[in-house]
Structure formats: C-alpha cells, structure tokens
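Here's the structure we're looking at; comments come further down.
A short reminder: the numbers here are calculations on the coordinates, not readings from a lab. Keep in mind it's a predicted model, so treat the numbers as computed, not measured. Cβ placement follows ideal geometry from the backbone for every residue including glycine, while neighbour counts extend to all protein chains displayed.
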Amino acid sequence: MANTAQAKKRARQAEAHRTRNAGQRTELRTQIKKVRTAIASKDKSAAQQAFRDAASAIDRMARKGLVHKNAAARYKSGLHRQLRALA
C-alpha cells in the first residue's frame, strides 16, 4: 500500500487512468463488432458507415496510446479486407 503522499496520488491517478482506458477499450471493441455485424448481415452501406466510424475510433485510440499504431493498422486492414470481400 502507498505510504507517501506522492505514492497515494499516483495510485489515485493510476486507478482513474485504468477505468478510463477500460471504457475506451470497450468502446473500440464495440465499434469493431458493429462493422463485423454489418458485414455478416451483408448490408454494404451500413458496413461502410460502421467502418468509417470504427476507423476513426481506432485511429483515436492509437493516437492516445491505448493500442499500438501497428495493431491499429492491422485492425483497420482486416476490417477493410472483409468490407472489400463483401463487394
């Protein structure tokens, strides 16, 4: 357990960051699932819109450091490949 004031503050900050990151990670996964669901239902226009939203969310999370930039590129590439296969 933290004993000094500085350590206590860092523990509070770490907890706040952990909960914020968890929420953002959940939102990212939700966006990716929306694209996959739209692709599975063969709805091209909905899939394209969902992909745009997901790509934006993926880029935002990569900028914040929540996911590595190469992982973000891999997510977008995979989704885009599935979207192209739909056409």
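Listing for the model above:
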{"item": "Members of segment 44-67 that are free of Cβ contacts under 8 Å to residues at least 24 places away in the same chain and part of a helix (DSSP H, G or I)", "result": "Ser45, Ala46, Gln49, Ala50, Arg52, Asp53, Ser56, Asp59, Arg60, Ala62, Arg63"}
{"item": "Hits in segment 27-43 - residues which are in a helix (DSSP H, G or I) and either in contact (Cβ under 8 Å) with a residue 40 or more places away in the chain or more than 27 Å from Ala85 (Cβ to Cβ) (or both)", "result": "Ile32, Val35, Arg36, Ile39"}
{"item": "Residues being more than 20 Å from the chain's Cα centre (by Cα) and surrounded by 13 or more Cβ atoms within 10 Å (Cβ to Cβ) - total across segment 1-36", "result": "0"}
{"item": "Of all residues making up segment 41-87, the number that are basic (Lys, Arg) and within 19 Å of Arg20 (Cβ to Cβ)", "result": "3"}
